[in-house]
Amino acid sequence: MLTDLRILAIDTASEHGSIALLEGQTIVLEQRWCLPLQGHTEVLVPSIEAALKLVGWRFQTLRGIAVTNG
């Protein structure tokens, strides 16, 4: 069912990076930052870990990961 679908969305295509956690069509959490392109690697994984912990999800409960291409 769509309401049970948990998605991690990642955008690091420019200096304005972001992640979001969605459940169904609801944005549960969104985080943005502005860094040089090479700076995303330093904040991406810690940001994902902190976001999942904040909403009480585990990585294994995600049903998909959406990423930008650019």
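Select from V43, I10, W57 the residue farthest towards the positive end of the dipole of the range 1-67; place +1 on Cβ of Lys and Arg, -1 on Cβ of Asp and Glu, and compute about the Cα centre. Looking along the dipole axis, the top candidate is W57.
In the chain, carbon and sulfur make up what percent of the accessible area (probe 1.4 Å)?
55
Quickly estimate the mean residue ellipticity at 222 nm for the chain, helices only: each DSSP H run with n ≥ 4 gives -39500 (n - 2.57), and the total goes over all residues, rounded to 500.
When only DSSP H runs of four or more count, the value is -7500 deg cm²/dmol.
When the alpha carbon gyration tensor of the chain is reduced to an equivalent ellipsoid, the three semi-axes, largest first, read 22, 13, 9 Å. Using only side-chain charges placed at the Cβ, +1 for Lys and Arg and -1 for Asp and Glu, the dipole size of the chain relative to its Cα centre rounds to 200 debye. A 1.4 Å probe run over the protein chains yields, for the chain, 69 Å² of accessible area per residue, whole-number rounding. Angle between the Cα long axis of helix 40-55 and the longest principal axis of the chain, 0 to 90 degrees, nearest 10? So the helix axis and the longest Cα principal axis differ by about 30 degrees.
The values are calculated or read from the model by the stated rules, or taken from the named source; none is laboratory data. Keep in mind it's a predicted model, so treat the numbers as computed, not measured. We place every Cβ from the backbone using ideal geometry, glycine too, and count neighbours over all the protein chains shown. We work out accessible area using only protein heavy atoms, side chains counted, and drop any ligands, DNA or RNA first. Shrake-Rupley method; radii C 1.70, N 1.55, O 1.52, S 1.80 Å.
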